[in-house]
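Enquirer: Structure in structure tokens, see below.
The values are calculated or read from the model by the stated rules, or taken from the named source; none is laboratory data. Everything quoted here is computed from the prediction, not taken from an experiment. Don't worry about glycine lacking a Cβ; one is built from the backbone with ideal geometry, like all the others, and counts go over all protein chains shown.
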């Protein structure tokens, strides 16, 4: 069964409402920011605001799917990354230690 996030994302663009956008955002902080922007945006800017947040939701959905695909690849290949990826773990650890 899909989560609320997944179920709302598959909606058509004409079906979005401020409530469905808020429910599709996976993080409480993101929902709070959306509602803050919704409440402070002039009426003339609401369509653009909705489009902006729908794009955020679509981008998050795409990134989550890529992450699931990468995880499945790693499970099948002993934790290895696909050739097109570069493991930057050491660079991150070094930058945090500096």
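Enquirer: Out of curiosity, is residue 60 surrounded by 13 or more Cβ atoms within 10 Å (Cβ to Cβ), within 18 Å of the chain's Cα centre (by Cα), modelled with pLDDT under 95 and in a helix (DSSP H, G or I)?
Expert: On the way: surrounded by 13 or more Cβ atoms within 10 Å (Cβ to Cβ): yes; within 18 Å of the chain's Cα centre (by Cα): yes; modelled with pLDDT under 95: no; in a helix (DSSP H, G or I): yes.
When the stated conditions are applied, residue 60 does not pass them.
Enquirer: Another question, then. Here is a check on your reading of the model: is residue 19 surrounded by fewer than 15 Cβ atoms within 10 Å (Cβ to Cβ), at pLDDT below 95, part of a helix (DSSP H, G or I) and over 13 Å from the mean Cα position of the chain (by Cα)?
Expert: On the way: surrounded by fewer than 15 Cβ atoms within 10 Å (Cβ to Cβ): yes; at pLDDT below 95: no; part of a helix (DSSP H, G or I): yes; over 13 Å from the mean Cα position of the chain (by Cα): yes.
No, not satisfied.
Enquirer: Okay, moving on. Considering only the range 12-63, state which residues are in contact with a helix residue (DSSP H, G or I) (Cβ under 6 Å, 6 or more places away or on another chain) and touching a residue at least 40 places away in the same chain (Cβ under 8 Å).
Expert: Scanning the range 12-63 gives 57, 61.
Enquirer: Let me ask something additional. Can you work out which of the residues in the range 22-50 that are at pLDDT 95 or above and part of a loop (DSSP other than H, G, I, E, B) is nearest to the chain's Cα centre (by Cα)?
Expert: If we take residues in the range 22-50 being at pLDDT 95 or above and part of a loop (DSSP other than H, G, I, E, B), then 25 is nearest to the chain's Cα centre (by Cα).
Enquirer: Which of the residues that make up the range 72-83 are exposed (fewer than 10 other Cβ atoms within 10 Å of the Cβ), at negative phi and modelled with pLDDT of 90 or more? Talk me through it step by step, then tell me what you get.
Expert: Initial filter on the range 72-83 (exposed (fewer than 10 other Cβ atoms within 10 Å of the Cβ)): 75-76, 78-79, 83.
When the remaining residues are screened for being at negative phi, the result is 75-76, 83.
Of everything in the range 72-83, those that are exposed (fewer than 10 other Cβ atoms within 10 Å of the Cβ), at negative phi and modelled with pLDDT of 90 or more turn out to be 75, 76.
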